[in-house]
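Encoded as C-alpha cells, the structure appears first; notes follow it.
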Amino acid sequence: QVQLVESGGGLVQPGGSLRLSCAASGSDVSGHTIGWYRQAPGKERELVATIARAAIPRVAYHVKTRFTISRDNAKNTVYLQMDNLEPQDTAVYYCHDLTVDSWGQGIQVTVSS
C-alpha cells in the first residue's frame with residue numbers, strides 16, 4: 001500500500017515561490033502516475049498537475065506558466081514547484097497516486113501579504 005506525505009507548504013507573500021514535496025513509502029511509485037490537486041475553501045477539489053512514469057508532465061492551463069511538476073524516482077518523491085504565487089492559489093494541496101488511488105493528507109498553502 002502506498003502512503004503519501006506532503007511537505008513544503010506554508011505562508012508566502014504574493015509573487016513568492018514554494019516547492020511542495022510528495023514523499024511516497026510502502027511501494028516504489030516510479031511507474032505510477034502522480035498528481036497534485038488543490039481545494040480552496042468553498043470550492044471543489046481541482047487537478048493542478050500530473051506526471052506519468054515516463055516523467056511526462058501535464059499542468060493545468062491556468063497555472064502552467066507558474067507551476068512545474070517533476071519527480072525524483074531515486075527518492076520516490078514528486079515535486080510541485082510554484083512560482084509567482086497569487087492569493088487565489090491559497091488552498092490545501094493534495095498529492096494523489098492515480099495508479100493505486102492513494103491520497104496524502106494534504107498541506108496548506110496560503111498566499112497573503
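Just so you know, all these numbers are worked out from the coordinates, no wet-lab data involved. Source: prediction; values computed, not measured. Don't worry about glycine lacking a Cβ; one is built from the backbone with ideal geometry, like all the others, and counts go over all protein chains shown.
Averaging over all projection directions, find the projected area of the Cα convex hull of region 36-113 and quote it in nm² with one decimal place.
Projected area, direction-averaged: 5.7 nm².
Report the GluC sites (Glu not before Pro) located in region 1-55 that are in a DSSP loop and have at most 15 other Cβ atoms inside 10 Å of their Cβ, or state none.
Values: sites: Glu6, Glu44, Glu46; in loops: Glu44.
In loop regions of region 1-55 (DSSP not H, G, I, E or B), the sparsely surrounded GluC sites (Glu not before Pro) are Glu44.
With a point put 7 Å past each Cα toward its Cβ, work out how far Leu98 is from Tyr61 in nm, to one decimal.
Spacing of the two 7 Å Cα→Cβ label points: 1.7 nm.
Taking the Cα centre as origin and putting +1 on Lys and Arg beta-carbons and -1 on Asp and Glu beta-carbons, what dipole magnitude results for the chain, to the nearest 20 debye?
180
Count neighbours as other Cβ atoms within 10 Å of each site's Cβ, and list the trypsin sites (Lys or Arg not before Pro) in region 29-113 that are DSSP loop with at most 10 such neighbours.
Here the trypsin sites (Lys or Arg not before Pro) that fit, given the DSSP loop and packing criteria, are Lys43.
Between Val48, Gly9, Val100, whose Cα lies farthest towards the positive end of the dipole of the chain when Lys and Arg beta carbons carry +1 and Asp and Glu beta carbons carry -1, centred on the Cα centre?
After comparing all options, I get Val48.
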